Amino acid sequence: MKKILCLALSFIMIVSLATSFSASVTMNKSLDASSDEASKDSTIPEGYTETGSCGKNAFWYYYDDTKTLIISGEGKVERPDFYKPTFDYHGLPFEKAIIEEGITELGSYAFSKCEFLKEVSLPDSLTRIEDSIFGYCKSLKSITIPKNVSYWGMNNFYYCESLEEIIVDPENTTFDSRDNCNGVVVTQTNMLRYACKNTTIPESVTSIGSMTYCGVMGVTEITIPDNVTSIYGQAFQECVDLETVKLHPNVNLYPSGIFSKCKKLKNVYLPSGITEIGMQEFSECTSLESIVIPASVKWINQSAFLNCTSLKSVTIENGVKALGPGAFTGCTSLEEVVLPKSVDTIQIATFKDCAAMKSVTVYNPECEIGDMDITFPANAVIYGYEGSTAQQYAEKYAREFIALPEPEYAIGDVDLDGDVSIMDATEIQMVEARLKEWKSENCEALGDVDNDGEVSVLDATEIQLIIAGLA
């Protein structure tokens, strides 16, 4: 009996101890949770009107009385829905944004279309800023890029019409705003990367990057300084107030769309030395009225002047080789075009929808013309030489054709390019070797340089002596 009683008492003591231990653990967990909650609550600013999440460990707080948005936490600020370029706070009328220490990245569109935003404070913990952060922030006046930012995305000042000042922290080793330029320069490459209406291109800058001035407002004239040797695609796209562009001979334009959609652009000065007009280079420049393409340009690329609806005068100098597909499509004010002898290729739809076009003159009798009825407009009269590809095109697509008077070629100009050169000597040698035939019937007469009644290698030699000044 005593043994049974002892066992019962032992069991009761064990249960009691277990219950006490469990209660103690539960109490400790509750205290720890309360402590964590209290710690979290202590970091949340007081007096906010609205709040929400803007990242895995990032939160925003809006203060209506001061029109201020504070973002705190850690890591990346990013959209809750990747496919929706808005944040919950985008519709709030905040004028100042403070991003606190701990935030390391601003994801795309972080402040896009926040039209009341005037002032932004960025922390030193920030290392990465992605695309379109401040697009359409029309009240933003200035911004300072912190010292640790090493990545800055595209289109970040798109249509920021009030932006006057861009400053890079002097301790930043990736970017700088040298010479108080009010722009952002990539330190290692000397490339101007971001600009505003007050940006001055420093003398040490050698290139202008893609989309640098894209959507920048308030810039009316750009003169590219001699130190800039390269301009990259879409650098001035939608620079909506730009009226005049002056380039120098040694600058390289890397397509495409460098000046596209500059709606107010009227004056473009292309110096001799430019070798190419890029794809969509001046597309939708609806105020552009005239353009001179210098002889140094060899290729006018696809849609280069697409929908330049005010373009009335195009001068293409002798030396230009080819016009790409749709190069002048939609130039509804263009009335006539003269294509010099150097143009040997006109690709399809080059002058499509040029409703006012009255005439096209093609001086190269062997010019390759895009075989579609939309290459030249139906209402345009085509001028060219008898038997030329221009005449063949006109006949095939029922266009009116008027023959040009046959040109007078100098003795020796057997390739009919308007110049007596070593190429003519080579032409004679190839015909004599039966490797090719004369381009036209009068070429043989032009080849009789020594006037002995026949064309031979002696005539080729005579041409070489003339070129060398020995005959």
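Rule-based calculations on the coordinates, nothing more; no lab input. Note that the structure is predicted; figures quoted are calculated from it, not measured. Glycine gets a Cβ as well: all are built from the backbone with ideal geometry, and neighbour counts include every protein chain shown.
Just a few scattered comments:
- Geometric extent, Cα atoms of the range 295-387 - Rg, Dmax (angstrom): 11.7, 35
- Mean projection of the Cα convex hull over all viewing directions, computed for the chain: 40.2 nm².
- Cα-centre dipole for the chain with unit charges at Cβ (Lys and Arg positive, Asp and Glu negative), debye to 20: 3220 debye
- Amide H to amide H, with H built 1.01 Å from N, Val381 comes under 5 Å of Ser359, Val360, counting only residues 5 or more places away or on other chains.
- For Lys321, the lysines whose Cα comes closer than 17 Å to its Cα, not counting residues fewer than 8 places off in the same chain, are Lys298, Lys341.
- For the range 258-279 and the range 302-319, distance of Cα centres in Å: 10 Å
- Considering only the chain, percent of DSSP beta bridges that pair antiparallel, nearest 5: 20 percent
- Under 28 Å of direct C-alpha separation, and excluding same-chain neighbours fewer than eight residues apart, Lys197 reaches these lysines: Lys67, Lys96, Lys113, Lys118, Lys138, Lys141, Lys147, Lys246, Lys261, Lys263, Lys264, Lys266.
- Whole-number percent relative contact order across the chain, with pairs defined as alpha carbons under 8 Å at least 6 apart: 5 percent
- Excluding the site residues themselves, the longest part of the chain lacking any chymotrypsin sites (Phe, Trp or Tyr not before Pro) in a DSSP loop with at most 13 other Cβ atoms within 10 Å is 84-471.
- Gap separating the Cα centres of the range 425-471 and the range 348-396, nearest whole Å: 32 Å
- Straight-line cross-link reach from Lys396 at under 20 Å between alpha-carbon atoms covers these lysines, not counting any fewer than eight positions away in the same chain: Lys352, Lys358.
- Dipole of the chain, positive end: most advanced residue of Phe376, Ile143, Phe94 [Cβ charges, Cα centre]: Phe94
- The phi torsions of the range 197-213, fed into the Karplus equation with coefficients 6.51, -1.76 and 1.60 and a -60° offset, translate into couplings of 5, 9, 5, 10, 6, x, 5, 7, 6, 10, 8, 10, x, 4, 6, 4, 9 Hz, rounded to whole numbers, with Gly and Pro shown as x.
- When both bridge partners sit in the range 41-163, DSSP labels roughly 40% of those beta bridges antiparallel.
- Counted charge near Val381, where neighbours are those whose Cβ lies closer than 12 Å (Asp, Glu -1; Lys, Arg +1): -1
- For the range 177-183, Karplus couplings with θ = phi - 60° (6.51, -1.76, 1.60), whole Hz, Gly/Pro x: 10, 3, 6, 6, 7, 6, x
- Counted charge near Asp88, where neighbours are those whose Cβ lies closer than 13 Å (Asp, Glu -1; Lys, Arg +1): -1
- Sorted by Cβ neighbour density within 10 Å, fewest at the top, the residues Val360, Val314, Val240: Val240, Val314, Val360
- For Ile369, the residues whose modelled amide H falls within less than 5 Å of its own, excluding neighbours fewer than 5 places apart on the same chain, are Ile346.
- On full extension, the segment bounded by Ala410 and Asp179 gains 77.3 nm, given 0.36 nm per residue less the C-alpha separation.
- Sorted ascending by nearby beta carbons within 10 Å, beginning with the fewest, Asp373, Asp413 become Asp373, Asp413.
- Those GluC sites (Glu not before Pro) in the range 163-236 that DSSP places in a loop and that have at most 15 other beta carbons within 10 Å: Glu164, Glu171, Glu203
- Summarised as an ellipsoid, the range 41-163 has semi-axes of 20, 17, 14 Å, derived from the eigenvalues of the Cα gyration tensor scaled by 5 and square-rooted, with the largest first.
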